[in-house]
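What follows is a short report on a single structure.
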Amino acid sequence: MIASMKDSDELRLNAYCDGELDAVSAIEFERRMADDESLRAQYNRLLSLRRAVRSIPQYDVPPGLRARIKSTVDADRPGQVGGPGQAGRARQAGGTRQRSWSFQALAAAAVFGAVISSSVMLTIAHYDLQDDVARQVVAGHIRGQLAPQPFDVASSNRHTVKPWFTSRLPESPQVVDLAAQGFVLLGGRVDVVGHDPVATIVYKHAAHTVSLTTLPPGRSVSDQAIAGYNVRSWSDAQFTYIAVSDLPSADLETFERAFSAGSPAPEVK
Amino acid sequence: MFDEVFLPHMAEAYRLAQWLTGNANDAEDVVQDAALRAFRGIRKFGAVNARAWSLTIVRNTAYSWLMKNRPKSVVFTDDLSVTEQRELEHESPQGTRIETPEEISLSKADAEDVQQALAQLPAQYREVIVLREINQLNYRDIAEITNVPIGTVMSRLSRGRQYLMALLGDRR
C-alpha cells in the first residue's frame with residue numbers, strides 16, 4: 001500500500017492533472033513534485049490511468065439517429081397532424097428573447113466561473129484545515145507519550161474525570177468506562193487545537209495508549225495515518241471524536257464501536 | 001434554436017448515454033427521449049453553457065430511464081441508508097481503505113479490461129470519471145450536470161480513480 005498522502009494533496013494532485021488549479025497553485029505544485037518522489041509517482045499513475053481510460057474505443061453515433069431525432073422533434077412542432085402545439089409556440093416566442101440575454105448571461109457566467117474556480121481552492125483549503133486538525137491532535141498524543149504520563153488527571157473512575165473536564169472546558173464529553181471491552185480508562189488531559197482547549201480521554205489497551213480527543217461537532221477528519229499513528233474519527237450530535245493510537249486501524253474501529261455503544265444516556269437525578 | 005443548442009452535442013450525449021445505460025439500443029432510446037425533453041424545454045434555456053445544459057438533460061433522462069426499466073441497477077446516495085450515506089459523504093478522498101498497487105499493470109490491461117473495470121464502479125464514481133475523461137468536462141460543468149457541489153465532484157473523482165487503479169492493478 002502506498003504511504004498515506006494528505007487528503008488535500010490527493011485532491012490537489014487530481015486538480016492539477018485536470019488543469020483545475022490556478023496558475024500560481026499549479027507552479028507551486030510542480031515545484032513540490034520536483035522534490036517529492038511519491039507525489040511524482042502518484043502523478044504518473046494518474047496519467048497512465050487517463051491514457052488507459054481514453055484508449056477505450058468511443059461509441060459512434062449510429063447512422064440515422066440524427067435524422068430520427070430531427071423527425072421526432074419535427075413531429076412535436078405546431079401545425080403537424082397530431083403533434084402537440086405548445087412546444088412549438090414556446091419556441092417561436094423564445095426565439096427573439098434569446099438574443100437579448102447573451103451579454104448579461106455571459107457577464108454572469110464570467111463571475112460565476114471565477115467563483116467556481118475558487119471553489120476548487122476552497123475545497124482543497126478545507127481539507128488542508130482538516131489535515132491540520134488531525135496533525136495537531138496527533139501532536140497532542142505524541143506529547144502525552146513523551147510526558148511522564150499521558151494524562152493530567154489520573155483516574156480509572158469516570159466520575160472523577162468528567163468533573164475535572166467540566167471545571168476546565170465549556171463543553172465536556174461523557175467519559176465512558178470501557179474496561180469490559182479491553183480499554184482501561186487511564187485519565188484525561190486538555191490538549192489545544194488551533195487556539196481552543198479540547199478534552200482528551202486517555203485509555204489503555206494491552207501495551208497501547210489510545211487518546212480520544214473531542215471537538216465541536218461536524219468536523220470529523222478522514223481516517224489516516226500520521227507519523228506512524230493511526231487516526232480514526234467520527235461524529236455525533238454533540239462532538240466530533242478523534243482517536244489516535246499506535247493500535248492497528250481494525251482495533252480503533254473496535255474502539256469506536258465500543259465507545260459509541262457505551263456512551264451512557266444522560267444521567268437521571 | 002434547438003438545432004444550435006442540443007444537436008451539436010449529440011455525439012457526446014450518445015456516448016454519455018451509452019456509459020450510463022450500458023448498451024447501444026438503450027442509449028438511443030435515452031438520447032431520443034432527451035432530445036424531446038430538450039426541445040420542449042428550450043425556452044428555459046437561458047444559460048450560456050449549451051453543452052452542460054444538454055448533457056444534464058441526457059443524464060437525468062438516462063437515470064429516469066434506468067429507474068423505469070432497470071430499477072435494480074441504479075443505486076444512488078438517496079437510496080442508501082443514513083449511515084451508508086454519511087460514510088459515503090465523509091469518505092476520505094484518497095480512501096485509506098482502498099489498496100492501490102504500486103504500479104498499474106496497464107501494459108497488460110487492454111481496452112476491454114478498462115471498460116470492465118469502469119463498468120464495475122459504483123454509478124456516482126463512474127459518471128464523474130466518464131464526464132471528466134471521456135466527455136472532457138471541467139469540474140464546474142460536472143458539478144452542474146451531476147447536481148452536487150464541486151467538493152463532492154473532486155472527492156468522487158479522486159476516489160473513483162483509486163478504485164479503478166485498484167481494479168486494474170489486480171490483473172496479471
How big is segment A:187-231 along each principal axis, measuring the range of its Cα positions in Å and listing the largest first? 31, 25, 17
Total charge of the residues flanking B:Val58 in space, meaning their Cβ is under 14 Å from its Cβ, with Lys and Arg +1 and Asp and Glu -1, is -4
Within segment A:137-269: Cβ-based charge dipole about Cα centre, in debye rounded to nearest 20 (Lys, Arg +1; Asp, Glu -1): 260 debye
If you take the Cα atoms of segment A:140-212, find Rg, then find the Kirkwood Rh from the mean of 1/r over all pairs, what is Rg/Rh? 0.94
In nm, spacing of pseudo-spin labels at B:Lys68 and A:Asp36 (7 Å Cα→C-beta vector): 4.9 nm
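Only the coordinates and a few stated rules stand behind these numbers; no lab work does. Just so it is clear, the structure is predicted and the values come from calculations on it, not from any experiment. As a convention, Cβ positions derive from the backbone with ideal geometry for all residues, glycine included, and neighbour counts pool all protein chains shown.
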